[in-house]
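Novice: I am attaching a structure below and will ask some questions about it afterwards.
The values are calculated or read from the model by the stated rules, or taken from the named source; none is laboratory data. Remember, predicted model here, so these are calculated numbers, not experimental data. Glycine gets a Cβ as well: all are built from the backbone with ideal geometry, and neighbour counts include every protein chain shown.
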C-alpha cells in the first residue's frame with residue numbers, strides 16, 4: 001500500500017506540488033552524485049543523464065509527467081543493459097529520480113540505489129563509503145521534505 005504522504009493531493013494524498021517538486025529535485029541530486037559510476041563504463045549511453053535532467057525539468061514545471069516517465073523507463077532500460085554492479089545501480093537511481101514526477105514514492109529509490117552503487121563500486125571501506133553517501137544525501141534535504149524523507153527511509157539514515 002502506498003504511503004499517503006507521498007501521494008499527490010490531486011490523487012487523494014497529502015503531497016502538494018511544491019514538496020513533490022522538491023522531492024524530484026532531491027532525487028535528481030542523489031542520482032547525479034553517483035552518475036559517474038555509470039558514465040565511466042558507458043560513456044556513450046546518456047539515458048541515465050537524460051533521466052536526471054528530466055527530473056529537474058519536471059521539478060521546474062518545464063516538462064510533463066509523461067515525458068519524465070518516458071525518461072525513467074529509458075534509464076531503467078540502460079540499467080538492464082549494464083553489467084551488474086555500480087553502473088546498474090547508478091542507472092536505476094537515475095530512473096527513479098525521473099519516476100518521482102509520476103509517483104512521489106519513487107524519491108526513495110535514488111537514495112537507496114546510490115548507496116548500493118557506492119557499495120558495488122568495490123571500495124575497501126564499503127560501510128564507511130555508504131555512510132558518507134547517506135550523510136551527503138541528508139545534507140541535501142531541504143527542510144520542507146526532510147522529515148518526510150527521513151521517516152520514509154528510516155533504515156540506513
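Novice: Could you list, in sequence order, the residues of the stretch 93-108 that are surrounded by fewer than 24 Cβ atoms within 10 Å (Cβ to Cβ) and either at pLDDT 95 or above or part of a helix (DSSP H, G or I) (or both)? Steps first, please.
Specialist: Narrowing the stretch 93-108 to residues surrounded by fewer than 24 Cβ atoms within 10 Å (Cβ to Cβ): 102-103, 105-106, 108.
Answer for the stretch 93-108, where residues must be surrounded by fewer than 24 Cβ atoms within 10 Å (Cβ to Cβ) and either at pLDDT 95 or above or part of a helix (DSSP H, G or I) (or both): 105, 106, 108.
Novice: Looking only at the stretch 55-70, count how many residues are part of a loop (DSSP other than H, G, I, E, B) and either farther than 18 Å from residue 16 by Cβ or modelled with pLDDT under 95 (or both).
Specialist: 3
Novice: If you don't mind, there's one more thing I want to ask. Within the set of pairs 6+ apart or on separate chains, which have a first residue in the stretch 31-45 that is within 11 Å of residue 90 (Cα to Cα), a second that is modelled with pLDDT of 95 or more and in a loop (DSSP other than H, G, I, E, B), and C-beta atoms under 9 Å apart?
Specialist: Taking only residues 6 or more apart or on different chains, the pairs are 38/45; 38/82; 39/45; 39/46.
Novice: Have a look at 113, 42 and point out the one that is assigned to a loop (DSSP other than H, G, I, E, B) and modelled with pLDDT of 95 or more.
Specialist: Just one listed residue meets the conditions, 42.
Novice: Further question on the same structure: Just one of 19, 2 is in contact with a helix residue (DSSP H, G or I) (Cβ under 7 Å, 6 or more places away or on another chain), modelled with pLDDT under 95 and either loosely packed, with under 14 Cβ neighbours inside 10 Å or not in a helix (DSSP H, G or I) (or both); which is it?
Specialist: Result: 2 is the single residue among 19, 2 that is in contact with a helix residue (DSSP H, G or I) (Cβ under 7 Å, 6 or more places away or on another chain), modelled with pLDDT under 95 and either loosely packed, with under 14 Cβ neighbours inside 10 Å or not in a helix (DSSP H, G or I) (or both).
Novice: Which pairs have Cβ atoms under 6 Å, sit 6 or more apart or on different chains, and link a residue in the stretch 1-30 that is farther than 19 Å from residue 63 by Cβ to one that is modelled with pLDDT of 90 or more and assigned to a helix (DSSP H, G or I)?
Specialist: Close Cβ pairs satisfying both conditions: 30/110; 30/111; 30/114; 30/137.
Novice: Give the number of residues within the stretch 71-84 that are in a helix (DSSP H, G or I) and touching a helix residue (DSSP H, G or I) at 6+ places or on another chain (Cβ under 6 Å). Steps first, answer last, please.
Specialist: Just the residues of the stretch 71-84 that are in a helix (DSSP H, G or I), to begin with: 71-81.
Next, from what is left, pick out any that are touching a helix residue (DSSP H, G or I) at 6+ places or on another chain (Cβ under 6 Å): 71-72, 74-76, 78-79.
Count: 7.
Novice: Can you name the residue in the stretch 134-157 that is out of contact with any helix residue (DSSP H, G or I) (no Cβ under 9 Å at 6 or more places or on another chain) and farther than 14 Å from residue 29 by Cβ and, of all such residues, is modelled with the lowest pLDDT?
Specialist: Ranking the candidates gives 155 first.
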